Amino acid sequence: MFVQFLKPAGLCVLMLAIGIPFSTEAHAHGGLALAEDMCRLTIGPYNMHFTGYQPDNTRNKEFCEDIPATGRTVVVLDYMDDALRPLPTEVRVIRDTGSEKDIQAITVLHLPPKVYPNGTVNFEYNFAEPGKYVGLVTVGGPKEHISRFPFSVGEGKIWVPPSYLLMAFAGAAVVVVLIFALRGRRSTSNSTAS
């Protein structure tokens, strides 16, 4: 009954609003991307699954990009490509100062290059200070690949999953379409009554 009052443009907006939340990929900053509810770290031709936790703050809630608060943070990198297993992997977290000239001075965590035959790199770090940081994951071999991804720690932002934002947009679009449809119906019935 409602759809008959929608003009073709309104129907297109409604279909778009319903379809947007079901899109499969939203990009994050740097080498991280949120795809199919999983954080993917791209390093040259390779991919890793990135998962972060803050067991003392958010228990088992995962995060993908910015770290919600200071404190103990656990990061797990799972290889998505078996070709990574024999290659040495190095992980470094640095303070984002705008320059990486003296990388040793700004490094807060460093895991030297090592082969992880089981396909999982995990580490724990206690971020004592809020601020901006950069993660560097380097995979060695005949050709070295580096993934660089900036992130913030405890910046006071409220993290909202992209799917929630898309659902809010879809809901707002549906409300707008309803308002215009009902307004059009009212003006049609008023002109018919005259």
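The values are calculated or read from the model by the stated rules, or taken from the named source; none is laboratory data. What you see is a predicted model, and the numbers here were worked out from it, not measured in a lab. Don't worry about glycine lacking a Cβ; one is built from the backbone with ideal geometry, like all the others, and counts go over all protein chains shown. Note: areas computed on protein heavy atoms with side chains; ligands, DNA, RNA excluded. Shrake-Rupley method; radii C 1.70, N 1.55, O 1.52, S 1.80 Å.
Applying the criterion of at least 2 residues that are touching a Gly at 6+ places or on another chain (Cβ under 6 Å) to the strands (runs of 3 or more DSSP E) found wholly in segment 82-143 leaves 88-95.
Every residue, every condition in (1) open to solvent by 60 Å² or more (accessible area, probe 1.4 Å); (2) modelled with pLDDT of 90 or more, yes or no:
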residue	(1), (2)
ALA28	no, no
ASN57	yes, no
LYS61	yes, no
ARG72	yes, yes
ASP81	no, yes
LEU84	no, yes
PRO88	no, yes
ARG95	yes, yes
THR107	no, yes
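Of all residues in segment 81-129, which are aliphatic (A, V, I, L, M) and farther than 27 Å from SER152 by Cβ?
Here is the first cut: in segment 81-129, the ones aliphatic (A, V, I, L, M) are 83-84, 87, 91, 93-94, 103, 105-106, 108-109, 111, 115, 121, 128.
Result: ALA83, LEU84, LEU87, VAL115.
Of all residues in segment 37-55, those being open to solvent by less than 50 Å² (accessible area, probe 1.4 Å), under 18 Å from THR89 (Cα atoms) and part of a loop (DSSP other than H, G, I, E, B) number 1. All of GLY135, GLY140, GLY131, GLY154 fail the test of being at pLDDT 80 or above, of a type outside the set (Asp, Glu), closer than 27 Å to SER99 by Cβ and over 25 Å from the mean Cα position of the chain (by Cα), apart from GLY140.
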